[in-house]
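Have a look at the structure below, then the notes.
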Amino acid sequence: MRVAKDPVVRRNELIDTAEELFRENGCEETSVSDIVKKVGVAQGTFYYYFKSKDDILDAVLDHYLKDHLEPAVKGIMADGSLDTMQKIDRIIKESLSFQMGERKVMEFLHTDKNMASRQKYMLKVRDMFVPIITDVLEEGIASGMFTVPYPRETAELLLVMFTYMHESAERSANGDYGRKVKAAEDIVVKVLGLKEKGIELNI
């Protein structure tokens with residue numbers, strides 16, 4: 001006999017289970033049947049909450065960002081022991097580490113046939129990160145650490161660059177990717193108007 005659960009609890013259970021299966025097996029190899037079987041509900045229950053597997057993938061990505069990455073980044077922002085450069089350094093590493101940790105989901109998003117889901121993910125990342133990075137840049141400008149005439153626009157362009165780094169890691173040979181990491185470090189120094197190297201991306 002199935003246990004009736006609060007709709008919010010049931011929906012979150014489906015999302016958590018999909019997240020677990022996507023991480024373990026990859027999105028392509030995970031079916032709606034796999035998700036409902038693991039939860040122990042009928043397939044109709046799934047379609048009550050989600051239109052398709054792509055729909056629950058969007059919910060999983062939203063969960064990743066809002067419940068995992070966003071709190072971590074806000075914790076960095078609130079850490080009074082860090083200066084502005086250290087905050088930027090940790091935010092970048094936290095973001096890249098997150099994407100590397102969710103490799104199977106990210107690989108799925110970077111295939112051509114999943115462009116729509118990838119675009120939705122990118123919009124979520126932009127909406128979350130641009131205001132945060134802009135705040136960090138403005139903090140650095142106020143302290144005299146950075147010289148950035150257009151902080152919000154700079155935040156958007158830096159975000160594009162570091163989001164690209166994950167895709168580049170998947171497609172580049174190790175030596176080639178290492179050069180791109182060094183180039184990204186150099187770009188950050190120049191864009192922020194730093195007099196010397198202030199960031200090392202050990203990724």
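Every number here is computed from the coordinates shown, using simple stated rules; none is lab data. Owing to the predicted nature of the structure, the values given are computational and were not obtained by experimental measurement. Cβ coordinates were reconstructed from backbone atoms using ideal geometry, including for glycine residues, and neighbour counts include every protein chain displayed.
One chain, two ends: K195 and H63. Fully extended at 0.36 nm per residue, the span grows by 43.6 nm beyond their Cα-Cα distance. Full extension of the segment from D176 to E94, taken as 0.36 nm per residue of separation minus the current Cα-Cα distance, would add 27.3 nm.
Sorting the Cα pairs of the range 1-50 by distance into bins of 10 Å, from 0 upward, gives 26, 58, 16, 0 percent per bin. Give the residues of the range 4-27 whose amide nitrogen is closer than 16 Å to a point set 7 Å from the Cα of Y48 in the direction of its Cβ. Answer for this model: 4-15. Put a dot 7 Å past the Cα of D135, heading toward its Cβ, do the same for K37, and the two dots end up 4.5 nm apart.
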